[in-house]
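Scroll down for the structure; my scribbles are underneath it.
What follows is calculated from the coordinates using simple rules that are stated; it is not laboratory data. None of the values given here were measured: they were computed from a predicted structure. Please note: Cβ atoms are built from the backbone with ideal geometry, for glycine as well, and neighbour counts cover all protein chains shown.
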Amino acid sequence: MGAQGPTEIVFVVEDDAEGGFVATAAWASIITQAGTLEELRAMMRDAVACHFEKTERPKLIRLHYVRDEVFAA
């Protein structure tokens with residue numbers, strides 16, 4: 001991305017079928033999971049820090065929560 005990276009990265013956050021949450025970056029190859037949202041935020045920070053060089057690291061992490069709900073008609 002050049003000398004300066006993007007200002008933010010977007011993660012799609014979904015419920016994990018086995019419990020907890022899964023976060024997938026919208027435009028980077030980053031996927032992480034955790035049992036709680038607090039743990040997930042920490043895991044995303046670590047994953048972003050590992051994925052990008054310090055000078056190219058996004059300044060903000062945006063979460064887009066996706067939740068399916070199924071109920072009887």
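Quick check: residue separation of E8 and I61 times 0.36 nm, minus the Cα distance between them. What number comes out in nm?
Stretched fully, the E8-I61 segment lengthens by 18.5 nm.
Within segment 28-49, which residues have the backbone N less than 20 Å from the label spot 7 Å out from D15 along Cα→beta-carbon, could you tell me?
So the set is 32-41.
Please say if the chain is rounded, prolate or oblate, where rounded means a/c under 1.5 for a ≥ b ≥ c the square roots of the C-alpha gyration tensor eigenvalues, and otherwise the choice is prolate for a/b larger than b/c and oblate otherwise?
Cα axes put the chain in the prolate bin.
Nearest 5 percent is fine: what portion of the DSSP beta bridges confined to the chain is antiparallel? Don't skip to the answer; put the middle values down first.
Details: 9 of 16 bridges.
Antiparallel: roughly 55 percent of the beta bridges in the chain.
Using modelled backbone amide H atoms (1.01 Å from N, in-plane), which distant-in-sequence or interchain residues come within less than 5 Å of V10's amide H?
Amide H neighbours of V10, under 5 Å, 5+ apart: A26, W27, R62.
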